[in-house]
Structure formats: structure tokens, C-alpha cells
Amino acid sequence: MQFKTTFATHRLRSFMLCALIALGASAHAQLADVVSITSRVNAVQPKMLAWRRDIHQHPELSGQEQRTAKLVADHLRKLGFSVKTGVGGHGVVAVLRGGKPGKVVALRADMDALPVAEATGLPFASHTRAPYMGKETPVMHACGHDGHTAILMGVAEVLAGMKDQIPGTVKFIFQPAEEGVPDETSGAAWGARAMVAEGVLENPKVDAVFGLHISPNMPMGSLGYRSGPMMAGADTVHITITGEQTHGAAPWTGVDPIVAAAQVITGLQTIVSRQLNISTEPVVLTIASIHGGNRENIVPESVEMLGTLRTFDEDMRAEAKQRITTTAQKIAESSGAKAAVRFGPAAYSVTVNPPDLSDAMLPTLQRASGGKAMSIPKISASEDFSEYQKVAPGLFYILGAPPKGKAHSEAPANHSPLFDFDEDAMPLGALSLSLLALDYLSAR
Ligand SMILES: [Zn+2]
Ligand SMILES: [Zn+2]
């Protein structure tokens, strides 16, 4: 009896093991076939290359992306998608309904360029100029958004070609104004926030959203991800110190806002170094602009300062803002001046990859990159992909693409006039986004 029972248990265990293997095999069979997707991606690479160069040569500033949006919308219409334009500015949204029922995944690319004078010397370098803050300014795709747009156009073509096999719906989001709009005083929403406000993640309701960013500072062929907070929240800090204008030869007859401003800047340094618990998350506070006065012998009435606050935790973000206000006000008061502190509405929230989604999709990133997906340190730059993550679980990751002939450690970073990336990384970008969509939709 005892033997039989043991035998029976053994048989049961064996059966369960076989069943698990069979289940595993069938689950695996449901996952997208990397080889076939790779060949589809390779087939669209010449087009991705042409789109990327065309967009690179015709960059458009945040909020001005008419031409890029038209290029994207025309392509998506040709693929037979239902396409919406003018979403949150020049945003384009297309929906691909697969042949089988299932969940809804969104893939996002940003389309805007920057007020930077290109110095790459590339044959398709930008010579474009456009109005920026009331002045004609050189414009350049210095953040790789030309690559993001071309990659997602490629993904749209790849997935359209296998529509019948897709168990669910894929929504393509081509977003304007990721880099922000210069006139933050208007208070109007821009970029991802504007698209979300216009319901980009609704109808059909999105279950998960994926997006990537090109970086020349990660090894070629690698994918960088991070579970939890990955990119910083950003707030613009405006400080006005008001004193009392007087002759520079007799400063005691007024209140000098220049010296008060200097003390405030020094005092602000103690917020990160002495007031916040940076063993929880790092914080960065930079005062990058200071203006006051116009003569050597006139103490001005006021000084204007601008800075940026970067945080990785919403509570620490709130605490840092409160401490900046108190520190500036009290220090200014000590010399009889006044500090008015405000934080601009053009803020970015922390980009946080939910750990369960990151864990679930890591095998997909590994399959796409042949095991070259790596956890990366936090990035103190910001991304408005965070706006989608507030509504639906979202995974943001980095595509490593140093320009040809440059080590990733030497490559000019995003926003540099010398920024460039290796276009041979675009197929990995398209493959990884395609696989993320297909694997997510195939998972039970
Ligand atoms: Zn950027
Ligand atoms: Zn960017």
C-alpha cells in the first residue's frame, strides 16, 4: 500500500511534470516567433532608414510637427489602419485590430526635435530653422526622436503584415512635444499629457503601454531597463529675490538682492546634502540661470533665478519643493529682501516601470536582444512617458546605439549638436517593440 501510494504519487508527479512541460511548450509556441519577426523587421529596415533620414533632415520643434505627423499618418493609412490626427496637438493615433480577440497594447514614439544647431556633418544633416521663443533658431533631431518615429512606423508595417495572427489590439501613439513647449505660462497641456487628456489610452482602453528611447551611451545591441523608478521627475524652479534699488557706492541705503541671491543659492545646496533622506532616492537641484542688474554701480531692485529639481519619488518631490520655498524665503528675509518661489506648470513626473510588468516582460527583452537586456542605473533626465504610466502600466526602456566608430562611453549624449546614433540598431528597436506587443497579448 505504502509502495503503491508512493508509486501513484510518483506517477502523479510525473504526469504533472509532463503536463507542465507540455503547457510550457504550448505557452512558448504562443509567443511570437523571433526568427519570423526578425525577417519581417529586416524587410522594412530600408524603409526605416529612409524615414529616419527624411525626418532627420526636416526636424520640427515641439508643437510644430505638421510634416512629420503627415508622413506618419499617410503611412498608417496606407497600411489600412483607422487613423486619428490632431490628437493633443499634432499627435497621430492608429489602431490595429488583430484577427483574434484579446487585450489592448499601446506602443509610443515621440516626434519632436530641439532648438540645437546640428554639427554632425552627416549627409542628411538638418539645415532647418524655425521660430522658437520669438527668434529664428536652428532645429535638430538631437534626441533621436527621428529614430523613434521611424522605428514605430516600421513596427506598424511588421504587425500589419501579421494582423490575422494577433490576439488583441495594438494602438500606435505618435506623440508631439515630448521636449516640452517653451511657453509654459499658457498652462495648456502638451505632449503626452495632452494626448492622455484627449483620451489616447481609452476607446479601446489600453492594458499596457511600451516605449523606447535611443541612447548612444549604451553598448550597441543592448537594451537598458529598470524596474521601479527609472527616470527623474523634473520641476522648473523660479525664484525672484526682491530688494530695494540703490547706489552701488552706498548699499546700506537699500537692500541688495544680488548678495541675497548668492546666499540663497548657497543655502539651497543644503537641501540635498543635509535636509533630504537621499538614502531613499537621489535628488538633484541645479540653479542654472541668474539675472539681475545692468551697471557696476547700481544695486538692482530684483534678481531672477531659474533652476531644475530632479526627483525619483513623489513624496520626496513634494518635500523638496516645500524646503526650497522655505530656504529661499528665510534666507532672503534675513537681509530684508523677499523671495518669491514658484514651480512651473511644465513639470515631468517620475518615470516608473511597475516591477510586475518589468519582470513579466524581461524575458521578451532578452529574447529580442539575444540576452543583452541589462538593468541600468537611474537616469536623472526626464520623460513624459510617465504620463501614460499614470493611467496604464507602462514599460520604458533604452535602445543602445552608439554612432558607428565611437565607443558608447565616448559618444556625444542626447541634446548635443554632435548627437548621432547607429541606424543598425533600429531593427532591434522594431523587433523589441513588436515582441513586447505580441508577447503581452499572447500571455494568459
Ligand atoms: Zn530629449
Ligand atoms: Zn528624447
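The values are calculated or read from the model by the stated rules, or taken from the named source; none is laboratory data. Just so it is clear, the structure is predicted and the values come from calculations on it, not from any experiment. Virtual Cβ from ideal backbone geometry, glycine too; neighbours counted across all protein chains shown. Heavy atoms of the whole protein, side chains included, go into the accessibility calculation; ligands, DNA and RNA do not. Shrake-Rupley method; radii C 1.70, N 1.55, O 1.52, S 1.80 Å.
Checking His415 against (1) open to solvent by 50 Å² or more (accessible area, probe 1.4 Å); (2) within 16 Å of ligand 2 (Cβ to nearest atom); (3) under 16 Å from Pro216 (Cβ atoms); (4) touching a Pro at 6+ places or on another chain (Cβ under 9 Å), which test does it fail?
(4)
Could you tell me how many of the residues in segment 11-54 are open to solvent by 90 Å² or more (accessible area, probe 1.4 Å) and modelled with pLDDT under 50?
10
Looking at segment 159-177, which of the residues that are within 15 Å of Ala106 (Cβ to Cβ) and within 16 Å of ligand 2 (Cβ to nearest atom) is surrounded by the fewest Cβ atoms within 10 Å (Cβ to Cβ)?
Top of the filtered list is Ile173.
Test of understanding: among Ala177, Ala156, Ala142, which residue is in a helix (DSSP H, G or I) and of a type outside the set (D, E, K, R)?
Answer to the check: Ala156.
Any chance you could count how many residues in segment 44-72 are without any contact (Cβ under 8 Å) to a residue 24 or more places away in the chain and over 18 Å from Ala113 (Cα atoms)?
Number satisfying all stated conditions: 1.
If you go through segment 308-334 one residue at a time, how many are under 19 Å from Ala260 (Cβ atoms) and open to solvent by less than 10 Å² (accessible area, probe 1.4 Å)?
So the answer is 3.
Please determine whether any residue of segment 365-386 is more than 27 Å from Ser62 (Cβ to Cβ) and in contact with an Asp or Glu (Cβ under 9 Å, 6 or more places away or on another chain).
Scanning segment 365-386, I find at least one residue that is more than 27 Å from Ser62 (Cβ to Cβ) and in contact with an Asp or Glu (Cβ under 9 Å, 6 or more places away or on another chain), so the answer is yes.
Would you point out the residue of segment 368-381, among those that are more than 16 Å from ligand 2 (Cβ to nearest atom) and either under 19 Å from Gly394 (Cα atoms) or at pLDDT below 95 (or both), that is surrounded by the fewest Cβ atoms within 10 Å (Cβ to Cβ)?
Pro377
In this structure, is Ala194 in contact (Cβ under 8 Å) with a residue 12 or more places away in the chain, open to solvent by 20 Å² or more (accessible area, probe 1.4 Å) and in the same structural domain as Ala360 (by TED's automatic domain parsing)?
So Ala194 does not fit the description; no.
Taking interchain pairs and intrachain pairs at least six residues apart, which have beta carbon atoms under 6 angstrom, with the first residue in segment 345-356 and closer than 16 Å to Ile379 by Cα and touching a residue at least 40 places away in the same chain (Cβ under 8 Å) and the second open to solvent by 30 Å² or more (accessible area, probe 1.4 Å) and small (Gly, Ala, Ser)?
Final answer for the pair search is Asn353/Ser227.
Please name all residue pairs, on different chains or six or more residues apart, with Cβ atoms under 9 Å, provided the first residue is in segment 162-177 and is on the phi > 0 side of the Ramachandran plot and the second residue is open to solvent by less than 10 Å² (accessible area, probe 1.4 Å) and part of a strand (DSSP E or B).
Gly168/Val105; Ala177/Leu61; Ala177/Gly91; Ala177/Asp110
Here are some conditions: (1) in contact with a Gly (Cβ under 7 Å, 6 or more places away or on another chain); (2) assigned to a strand (DSSP E or B). Ala260 meets all but one. Which one does it not meet?
(2)
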